[in-house]
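Here the structure comes first, spelled out in structure tokens, and everything after it is commentary.
The values are calculated or read from the model by the stated rules, or taken from the named source; none is laboratory data. Keep in mind that what you see is a predicted model, and the values were worked out from it rather than measured. Quick reminder, even Gly has a Cβ in these numbers, built from the backbone with ideal geometry, and neighbours come from all protein chains shown. We work out accessible area using only protein heavy atoms, side chains counted, and drop any ligands, DNA or RNA first. Shrake-Rupley method; radii C 1.70, N 1.55, O 1.52, S 1.80 Å.
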Amino acid sequence: MAEKLAKSLMDVKEKIRFCSICFNLTDDDPCYICRSESRADGTVCVVESPGDQLAIEESGTFRGRYHVLHGVLSPLDGIGPEDLKIGALVNRLEPEGIREVILATNPTTEGEATASFLIKLLSQNKRDLKITRIALGVPMGGDLKYMDRMTLEHALKSRTPVLQ
Ligand SMILES: [Zn+2]
């Protein structure tokens with residue numbers, strides 16, 4: 001029994017790999033999202049890690065495709081653009097007919113720097129591309145006085161017009 005379990009765990013471990021298109025974890029390459037025609041709606045959501053991808057996917061709010069960067073730019077740690085899956089993202093724009101890139105890196109200093117870098121790079125590569133950043137701000141049930149400075153700054157920066 002234990003042997004069987006160990007073997008099946010090893011099988012799983014052997015099968016799990018990165019999708020060659022979006023770099024998410026998958027046991028089938030390309031992954032089911034990259035293969036799905038119904039998700040080819042011209043949007044790609046860029047995240048830092050497979051965990052972030054999973055969180056967005058489980059929220060059920062996004063029906064496009066993903067791209068996992070596998071990290072963020074961090075000059076102090078020696079992590080530059082070539083260490084992330086950025087070139088592969090640029091290469092997807094044309095063949096997949098991507099019209100909108102949603103930058104969903106985390107609201108950290110590195111996540112912000114990575115988003116800024118991608119905005120510059122992507123707008124140079126494809127002029128008619130819509131680039132959006134997820135609105136990061138005050139969580140539901142939150143209280144402004146307990147928010148950190150970055151959260152508040154974002155909440156203000158990503159404000160949207162209200163109907164009058
Ligand atoms: Zn994929």
| said: Condition first: touching a strand residue (DSSP E or B) at 6+ places or on another chain (Cβ under 6 Å) and under 18 Å from Asn106 (Cβ atoms). Can you find one or more residues in segment 33-42 that meet it? | reply: no
| task | Name every residue in segment 39-61 that is more than 11 Å from the chain's Cα centre (by Cα) and open to solvent by less than 20 Å² (accessible area, probe 1.4 Å), in order of residue number. | result | Arg39, Gly42
| task | Please specify each residue of segment 112-149 satisfying the condition of being in a helix (DSSP H, G or I) and over 20 Å from Gly71 (Cβ atoms). | result | Ser123, Gln124, Asn125, Leu144, Lys145, Tyr146, Arg149
| field | Among the candidates Gly111, Gly78, Gly64, residue that is open to solvent by less than 30 Å² (accessible area, probe 1.4 Å) and more than 20 Å from Cys31 (Cβ to Cβ) | value | Gly111
| Answer from Val90, Val138 - the residue that is open to solvent by 60 Å² or more (accessible area, probe 1.4 Å), without any contact (Cβ under 8 Å) to a residue 40 or more places away in the chain, β-branched (Val, Ile, Thr) and touching a helix residue (DSSP H, G or I) at 6+ places or on another chain (Cβ under 7 Å) | Val138
| query | When you scan segment 65-83, how many residues do you find that are within 12 Å of the ligand (Cβ to nearest atom) and not basic (Lys, Arg)? | reply | 3
| Quick one: is Ser36 within 13 Å of the ligand (Cβ to nearest atom), surrounded by fewer than 19 Cβ atoms within 10 Å (Cβ to Cβ), free of Cβ contacts under 8 Å to residues at least 40 places away in the same chain and hydroxyl-bearing (Ser, Thr, Tyr)? | yes
| Which numbered condition trips up Thr105, out of (1) within 16 Å of the ligand (Cβ to nearest atom); (2) among the polar types (S, T, N, Q); (3) outside any helix (DSSP H, G or I)? | (1)
| field | From the options Ile56, Ile21, residue that is more than 25 Å from Ala135 (Cβ to Cβ), within 16 Å of the ligand (Cβ to nearest atom) and among the β-branched types (Val, Ile, Thr) | value | Ile21
| Residue count, segment 43-58 (criterion: farther than 15 Å from Thr105 by Cα and not charged (D, E, K, R)) | 1
